[in-house]
Amino acid sequence: MAITVKPLDAPLGAEISGFDPRHATPADRKTIFDAWMKYHVLVVHGAVIDDADLVDYSKSFGGIEKARFKSPLTTRDDIMVISNIRQDGKLVGSLPDGEMAFHFDRIHQTTPCRGASLHGIEIPHEGGDTCFANMVLAYDTLSDAMKKRLEGLTALNAFTYGSTQPEMKGDPTKGPHAFHPVVRVIPQTGRKALCVSRLMTERIEGMPEKESRALIDELCDHAEQPRFVYQHKWKVGDIVTWDNRATAHARTDFSDKERRLMKRVTIEDTGP
Ligand code: OGA
Ligand code: MN
């Protein structure tokens, strides 16, 4: 079956159909990798796929990282479970609760991941949408003066969400943190992408605190405008794969009375 790539009616994203990880040729994998570079987010609908095939599909985009937490819902160490479900009072996965502000995954590390795939298994009736902001378009549409101002700037990005230690919030350099350029270049395309986020960017280096806060807020307000954002409303079986350099992502709120279960494969910044 031929692979089709259909751009979404949105500021980023394309729907892929006809890709079978069990019979994929190198040319098939190149087709979807190139589409990923162009559209930043790929959506597959109605995939009936096991954990091994989900990992194999994700290998089209780069190397695969091991999950940090082992879930009782999978036997594989490269599947991360994102869920609010509890078994015997214990969470079966990570990121259980409701709304999440815009962020890049692992941006508190020196080499953040290149992307990730999420596969929707159980979806709440309301909410729990995943939103993707096109950070390439967000950069492109900045004024020339702002682009000039951002040249050479670096920001401190820290992992503070999920933290229960108030002292970590006081000094982000006490927890996991990393410095990254405010404008990243995506090696495969040469495109520039804005790299600041509401959740994880703490400050711009070498700038007074007030000015740094104002600049981060201004850039986040710009990037989070609906004209740059695709909001994915999940259906069971969807697989959504995002480029973690070209996009920032967020999650809308959902009720803790409803179950939400996703399987995730993290794509390293290695490979093609
Ligand atoms: C993630 C994440 C969003 C979601 O897996 O990194 O941010 O919709 N997930 O669960
Ligand atoms: Mn995330």
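List of remarks:
- Criterion applied to Ala35, Ala27, Ala52 was being loosely packed, with under 15 Cβ neighbours inside 10 Å, within 20 Å of Pro272 (Cα to Cα), free of Cβ contacts under 8 Å to residues at least 40 places away in the same chain and small (Gly, Ala, Ser), and the one residue passing it is Ala27.
- If you go through region 65-89 and pick out every residue that is out of contact with any Gly (no Cβ under 8 Å at 6 or more places or on another chain), of a type outside the set (D, E, K, R) and open to solvent by 40 Å² or more (accessible area, probe 1.4 Å), you end up with 4.
- Of all residues in region 141-182 being modelled with pLDDT of 95 or more and assigned to a loop (DSSP other than H, G, I, E, B), the one that is surrounded by the most Cβ atoms within 10 Å (Cβ to Cβ): Val182
- Per the conditions (1) open to solvent by 20 Å² or more (accessible area, probe 1.4 Å); (2) more than 16 Å from ligand 1 (Cβ to nearest atom), the sole criterion not satisfied by Asn134 is (1).
- Residue check for Lys257: more than 13 Å from ligand 1 (Cβ to nearest atom) and under 21 Å from Asp97 (Cβ atoms): yes
- The set of residues in region 220-244 being open to solvent by 10 Å² or more (accessible area, probe 1.4 Å) and not in a strand (DSSP E or B) consists of Asp221, His222, Glu224, Gln225, Pro226, Arg227, Lys233, Trp234, Lys235, Val236.
- Checked against the criterion of being over 30 Å from Asp256 (Cα atoms), at pLDDT 95 or above, in a loop (DSSP other than H, G, I, E, B) and not β-branched (Val, Ile, Thr), the candidates Phe19, Phe61 yield just one match: Phe61.
- From the list Arg245, Arg203, Arg184, Arg198, the lone residue that is closer than 26 Å to Val55 by Cβ and touching a strand residue (DSSP E or B) at 6+ places or on another chain (Cβ under 7 Å) is Arg245.
- The residue pairs whose first member lies in region 88-100 and is at negative phi and more than 10 Å from ligand 1 (Cβ to nearest atom), whose second member is at pLDDT below 95 and hydroxyl-bearing (Ser, Thr, Tyr), and whose beta carbons are closer than 6 Å, counting only pairs six or more residues apart or on different chains, are Val92/Ser71.
- Tally, over region 194-219, of residues that are surrounded by fewer than 21 Cβ atoms within 10 Å (Cβ to Cβ) and within 16 Å of ligand 2 (Cβ to nearest atom): 2
- Restricting region 116-131 to residues that are within 10 Å of ligand 1 (Cβ to nearest atom) and in a strand (DSSP E or B), the residue that is nearest to Glu65 (Cα to Cα): Ala116
- When restricted to residues that are surrounded by fewer than 23 Cβ atoms within 10 Å (Cβ to Cβ) and closer than 22 Å to His45 by Cα, region 245-257 contains 4.
- Residue within region 87-101 that is in contact with a Leu (Cβ under 6 Å, 6 or more places away or on another chain), away from ligand 2 (no atom under 13 Å from the Cβ) and farther than 18 Å from Phe159 by Cα present: yes
The values are calculated or read from the model by the stated rules, or taken from the named source; none is laboratory data. Everything numeric in this text was worked out from a predicted model, so none of it was measured. Reconstructed Cβ throughout: ideal geometry from the backbone, glycine too, with neighbour counts over all protein chains shown. Heads up: the accessible areas ignore ligands, DNA and RNA and are worked out on the full protein's heavy atoms, side chains in. Shrake-Rupley method; radii C 1.70, N 1.55, O 1.52, S 1.80 Å.
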